[in-house]
Every structure is written in C-alpha cells, then in structure tokens.
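This report refers to the structure that appears directly beneath it.
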Amino acid sequence: MTPISLGIHGGAGRLGRHILALALEDARFSLGTVMVREGSAAQGQDVGVLAGVKPVGLLAAADLRDLLDCDVVIDVSSPAAGAKLATFLARHGQAKLVTGTTGWNKAEDQILSEAAARIALLRTGNFSLGVTALVRQVRENAARLGQAWGVHIHDIHHSAKKGCPLWHSINAGPGSIPGLGKRYKPALPVGGGGLAGHTQSR
Ligand SMILES: NC(=O)c1ccc[n+]([C@@H]2O[C@H](COP(=O)([O-])OP(=O)(O)OC[C@H]3O[C@@H](n4cnc5c(N)ncnc54)[C@H](OP(=O)(O)O)[C@@H]3O)[C@@H](O)[C@H]2O)c1
C-alpha cells in the first residue's frame, strides 16, 4: 500500500509534535511537510528532533506552498493560521484538510465553509471518538429537555484552557441547537490538586 503523504500544520505545538511522533512510527504515512510559524525557533529544525526522536532528514518548513504535494494536511495551529491555510489549499491544491484547531470565530467559520466547498475538509474540536459521541448525545438531550433546563459542564480534562473546548463543540458548528448558548451557566473553575470540578468558560 502506498503510504499517505502527510502534512502537519502547527508541527511545533504540543498536539503537532504528538501527531508528528505518531506519524514517524506509522508505516501508513510518509511525512511530506511539517509546517511551523515563519520565524519561529523551530523553523529549519529536523522534525525528528522536534518530535523528540532521532533526526530523520526532513526540516520544518514555513512556506504554505510546501504543503501542496501532500495528500492530507492536519492543522493544529490557531484559527487565524488555520483559516489562512484552508483558503490557500482550497485555491491552490488538491490536498484534503483535517483541522483539529478550536476557537474559530464567525468569519473564520465562514472561511472554512467556503474551503469545504472546494476541497475535502474535516473539522473536529476533539479527535476523540468518545467525545464526539458524547457531544452528539448532549445535543440530542438538550433539544429534548427544552429551554427550562440549564447546561453545566464538568470538564476535568481541559482545566488549563482559556475557553471550554467541550462547550464549544456542543454549542458551535453544524447540528448546534438554536438558543442553547443562553442556557449555559459558567460555574466554578477546576479546584487545585486535580479535584474534579467545573471548568469556567472564560
Ligand atoms: N481536536 C482535538 O482533539 C484537539 C486536542 C488538543 C488541542 N486542540 C486544538 O489544537 C490547537 C493547537 O493546540 P496545541 O495545544 O498544540 O497549541 P500550541 O502548543 O500553542 O500549538 C500551536 C502551534 O501552532 C503554531 N502556529 C501558529 N501560527 C502558525 C502558522 N501560521 N503556521 C504554522 N504553525 C503555526 C504555533 O507556533 P508558535 O508557538 O511559534 O506561535 C504553535 O507551535 C488549539 O486550537 C487547540 O485547542 C485540538
């Protein structure tokens, strides 16, 4: 089987490095390009070293054109950088785009929708299949229970985030429920010492 040529956009970030490390040890993928922010310390570094393993002879790039020959690009950068990437790929390439970036504003949402009309594009605020199933269930239940029910979220995983990605997944994007946002009650932040509590939407 021919390996899938993979591009990683945001390859120097926490999630990007993790995906990079996984891709390096998976024969189903060949690394086409690893993109980092132009001018960042990671630019020009060997991507094996970025991933915390031995050098592999591929250097981190910062030019979007380097992604054009990839079969699939995984974006885990920022909404602004991801939107720029989506527009670029839709205009110039055939590469499929998978974006796990979160926090898109309305204008960036619109840019993603326009790109999705031209290239295959998968967007998910959470790569976990279990969370995706949970989000669907919460939406269905919230629709059934009606406006009188408030929504509280105990998110013990994303305790260091500025926003609440789980809430964003439930409340935004295709399939979201009109008016659900008004029912969300920000609660107490997660307590110290790893205690389960509430994650506040900040
Ligand atoms: N879908 C999921 O399951 C999932 C899970 C975890 C996180 N996320 C989301 O994925 C995104 C990244 O998370 P993270 O924790 O890895 O954040 P992070 O550590 O801040 O990584 C983001 C990376 O993107 C880079 N970047 C910024 N602009 C760029 C550009 N124009 N071109 C290439 N790279 C660029 C940043 O570079 P500099 O640092 O040099 O600016 C940084 O290395 C966030 O939106 C986060 O919420 C999604």
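Since every read-out is calculated from the coordinates, none of them should be taken as a lab result. What you are looking at is a predicted structure, and each value in this text was computed from that prediction instead of being measured. Neighbour counts run over all protein chains shown; Cβ positions are idealised from the backbone, glycine included.
Against the criterion of being part of a helix (DSSP H, G or I) and within 14 Å of the ligand (Cβ to nearest atom), G16 qualifies. The number of residues in the stretch 62-79 being over 26 Å from N126 (Cα atoms) and touching a helix residue (DSSP H, G or I) at 6+ places or on another chain (Cβ under 9 Å) comes to 1.
Among the conditions (1) surrounded by 15 or more Cβ atoms within 10 Å (Cβ to Cβ); (2) over 15 Å from G7 (Cα atoms); (3) within 9 Å of the ligand (Cβ to nearest atom), S77 misses just one, which is (2).
Would you call D69 surrounded by fewer than 16 Cβ atoms within 10 Å (Cβ to Cβ), charged (D, E, K, R) and within 15 Å of the ligand (Cβ to nearest atom)?
no
Residue count for the stretch 108-131, restricted to those that are more than 16 Å from the ligand (Cβ to nearest atom) and out of contact with any helix residue (DSSP H, G or I) (no Cβ under 6 Å at 6 or more places or on another chain): 6.
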